[in-house]
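J.: Below you will find the structure I want to go over with you.
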Amino acid sequence: QVKKQCDQKLLIRMKTKCVPCPLNLDTQCPAGYTKITNGTGTPDCRYYLEMKTHTLSFPGCRHRCVKEFEQPECCQGHWGPDCMGE
């Protein structure tokens, strides 16, 4: 039996919204994503507070999330929706 389908595994990465670090403890990744940072997350962003006359910028934290995704693909020498070929 020749293998016709050779699915590719893709890793989709994303970051949550930047918020004050103490508030980031409870931040969850979107459905289907796995959180790969712990605690308050990574302090690598800034969030903004708009006042009446100006905007203030503060250092903040965000979490990194990943999702594994299988991309259907045919093995070399096969093609089409059913991966026929040769």
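The values are calculated or read from the model by the stated rules, or taken from the named source; none is laboratory data. Predicted model only: the values in this text are computed from it and were never measured. Cβ coordinates were reconstructed from backbone atoms using ideal geometry, including for glycine residues, and neighbour counts include every protein chain displayed. What goes into the accessible areas is simple: the full protein's heavy atoms, side chains included, and nothing from ligands, DNA or RNA. Shrake-Rupley method; radii C 1.70, N 1.55, O 1.52, S 1.80 Å.
J.: Considering each residue of the range 1-29, count those that are at pLDDT 95 or above and under 22 Å from Tyr48 (Cβ atoms), and give that number.
T.: Count: 13.
J.: Just to verify a result, which residue in the range 1-51, among those that are hydrophobic (A, V, I, L, M, F, W, C) and free of Cβ contacts under 8 Å to residues at least 12 places away in the same chain, is nearest to Pro72 (Cα to Cα)?
T.: Ranking the candidates gives Ala31 first.
J.: State which residue is most open to solvent (accessible area, probe 1.4 Å) when the search covers only the range 60-86 and only residues that are over 30 Å from Lys35 (Cβ atoms) and in a loop (DSSP other than H, G, I, E, B).
T.: Gln76
J.: Counting just the residues of the range 7-31 that are in a loop (DSSP other than H, G, I, E, B) and open to solvent by less than 60 Å² (accessible area, probe 1.4 Å), which one comes out nearest to Cys83 (Cα to Cα)?
T.: In this case the residue turns out to be Pro30.
J.: Now for a different question. Across the range 32-53, what is the number of residues that are surrounded by 12 or more Cβ atoms within 10 Å (Cβ to Cβ) and among the polar types (S, T, N, Q)?
T.: 3
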